[in-house]
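Participant: What follows is a single structure, and I will ask about it in a moment.
The values are calculated or read from the model by the stated rules, or taken from the named source; none is laboratory data. All of these numbers come straight from a predicted model, not from anything done at the bench. With ideal geometry, Cβ positions are generated from the backbone for all residues, glycine too; neighbour counts draw on all protein chains shown.
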Amino acid sequence: MQEIIFVKKKLATGEWCAKCIDVSNRLEKDGTLQYINRIVVADVNDAQSEGIQLALKHNMDRAPFFIVTDSNTTQIFDVYFKFKRHMQRFATAA
């Protein structure tokens, strides 16, 4: 069983980053939103936000990104198409 976290960035203005909006739309359009267990916010105005803390933990300096954890490994995807390809392989194998 995989746990998948989608980390989205909220800008200083309170708006979502353009890339996060694009990826959110692609998740819905491509049917991959169903695989997301949690959506976490990296709020640039709050260094303690869960998304910022996850970015630090996984050495990520850009968002959006996906954290895919199973019983043995954790993989980080910062490119949507790589995440989508991973999920297609996972769905085929299941």
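Participant: Do any helices (runs of 4 or more DSSP H) entirely within the chain hold 1 or more residues that are in contact (Cβ under 8 Å) with a residue 60 or more places away in the chain, and if so, which?
Facilitator: Working: elements: 18-30, 50-57, 80-93.
Correct list: 80-93.
Participant: If you don't mind, another one. Here's a check for you: in segment 65-82, which residue that is of a type outside the set (Lys, Arg) and more than 15 Å from residue 40 (Cβ to Cβ) is modelled with the lowest pLDDT?
Facilitator: The residue in question is 71.
Participant: Residue 60 is checked against (1) in contact with a helix residue (DSSP H, G or I) (Cβ under 8 Å, 6 or more places away or on another chain); (2) surrounded by fewer than 18 Cβ atoms within 10 Å (Cβ to Cβ) and fails just one. What number does that condition carry?
Facilitator: Checking residue 60 against (1) in contact with a helix residue (DSSP H, G or I) (Cβ under 8 Å, 6 or more places away or on another chain); (2) surrounded by fewer than 18 Cβ atoms within 10 Å (Cβ to Cβ), the one that fails is (2).
Participant: Here's another thing I want to ask about it. Pick out the one residue from 5, 21 that is among the hydrophobic types (A, V, I, L, M, F, W, C) and either within 13 Å of residue 66 (Cβ to Cβ) or more than 13 Å from the chain's Cα centre (by Cα) (or both).
Facilitator: Values: 21 fails: either within 13 Å of residue 66 (Cβ to Cβ) or more than 13 Å from the chain's Cα centre (by Cα) (or both).
Only one candidate qualifies: 5.
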